[in-house]
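The values are calculated or read from the model by the stated rules, or taken from the named source; none is laboratory data. Keep in mind that this is a model prediction, so the values were computed, not measured. Here the Cβ positions follow ideal geometry from the backbone for every residue, glycine too, while neighbour counts run over all protein chains shown. The area values use the complete protein model at the heavy-atom level, side chains included, leaving out ligands, DNA and RNA. Shrake-Rupley method; radii C 1.70, N 1.55, O 1.52, S 1.80 Å.
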Amino acid sequence: MRGVVFDGIRTEVVDDLEIRGPGPGEVLVAVAAAGLCHSDLSVIDGTIPFPAPVVLGHEGAGVVEAVGAGVSHVVPGDHVSLSTLANCGACAQCDRGRPTMCRKAIGMPGQPFSRQGKPLYQFASNSAFAERTLVRAVQAVRIPKDLPLTSAALIGCGVLTGVGAVLNRAKVDRGDTVVVIGTGGIGLNVIQGARIAGALTIVAVDSNPEKEEAARRFGATHFLTSADGVREILPHGADHAFECVGRTELIRAAVDLLDRHGQAVLLGVPAATAEASFLVSSMYLDKSILGCRYGSSRPQRDIALYADLYREGRLLLDELVTRTYPVEDFAGAADDARHGRVARGVLVF
């Protein structure tokens, strides 16, 4: 079968991948569509360290082909959106409703794939850039069959992360003020999450002026090409500032833009060794800096919620898909993503 493989040096689309059948508690999914997220590119450029060779992709949707023993919530033929959280469901964090903090869901890559007799790693417990992938039952979330799979694919990462950061982590409330730095796939979902939450003022900041139209479509009330102008709109600062790029100077900017009791939420992914600075004295006005993993999501709950919001016209998904690419054109999709030409490019099989 076809898939996108990174061997530690280069990336290629291959057609000789193999995958084992589902064991107990596992689901085999025929992937129909997979969004190209910057986290995939970060594996390729080394920003996110990951063992190789690895089958890339982590934002996908498809159709269940087979299930292992003990799986009852999905059956063959069901349409599913795929989560990256292979959480155990039994530890203290899972029991508290914090699956993103499950230690068994982090840093334990499996090897369900093989090529020419040699095992390959699975990225983010997902590897959606393959015609078929194998996930834990908890990762396969059933969705309505009238939801386009090219749009449903984006729920599993970009939507869960961006909208989830607003609703679950920051808990933005009605009338709050929000600044979103970076309006790529994650930033647009933060913007629409803030709109859904009832934020009064949503300031989008992106150096690319061509992104204004999309930012306003998703809910931005203002658009700036530099954070320097935020204080003209919000003289006292923002209740919430989301950094969605992953640059340390923008993290500092997010902190500096906060009002009293404001919080900066970090969503962008800088290099693993990157350090950011801030004025300690500025924090004594009850300001907070919050990390956020995967939108602090509970995928079995949240994916179903976002599917319903989409069907009601309140959550935009189709508008996120700027362009689709056959998997064989991974290089073109990656180049468009690196240069910010798309909100989300989607690979299709």
Qualifying residues in region 1-46 (those that are among the hydrophobic types (A, V, I, L, M, F, W, C) and assigned to a loop (DSSP other than H, G, I, E, B)) - the one surrounded by the fewest Cβ atoms within 10 Å (Cβ to Cβ): 9
Residue in region 89-111 that is at pLDDT 95 or above, under 20 Å from residue 2 (Cα atoms) and touching a strand residue (DSSP E or B) at 6+ places or on another chain (Cβ under 7 Å) present: yes
Which condition number in (1) over 20 Å from residue 238 (Cβ atoms); (2) surrounded by 13 or more Cβ atoms within 10 Å (Cβ to Cβ); (3) modelled with pLDDT of 95 or more; (4) not hydroxyl-bearing (Ser, Thr, Tyr) is the one that residue 313 fails? (2)
Find the residue count for region 198-254, including only residues that are closer than 26 Å to residue 47 by Cα, open to solvent by less than 30 Å² (accessible area, probe 1.4 Å) and out of contact with any strand residue (DSSP E or B) (no Cβ under 8 Å at 6 or more places or on another chain). 1
Members of region 172-210 found to be touching a Ser or Thr at 6+ places or on another chain (Cβ under 8 Å), farther than 16 Å from residue 224 by Cβ and in a helix (DSSP H, G or I), listed by number: 186, 189
When the residues of region 144-156 are narrowed to those that are open to solvent by 10 Å² or more (accessible area, probe 1.4 Å) and of a type outside the set (Asp, Glu), which ends up farthest from residue 187 (Cα to Cα)? 145
For region 13-31 the number of residues that are more than 14 Å from residue 140 (Cα to Cα) and either among the polar types (S, T, N, Q) or within 23 Å of the chain's Cα centre (by Cα) (or both) is 1
Answer with yes or no whether residue 91 is open to solvent by 20 Å² or more (accessible area, probe 1.4 Å) and not aliphatic (A, V, I, L, M). yes
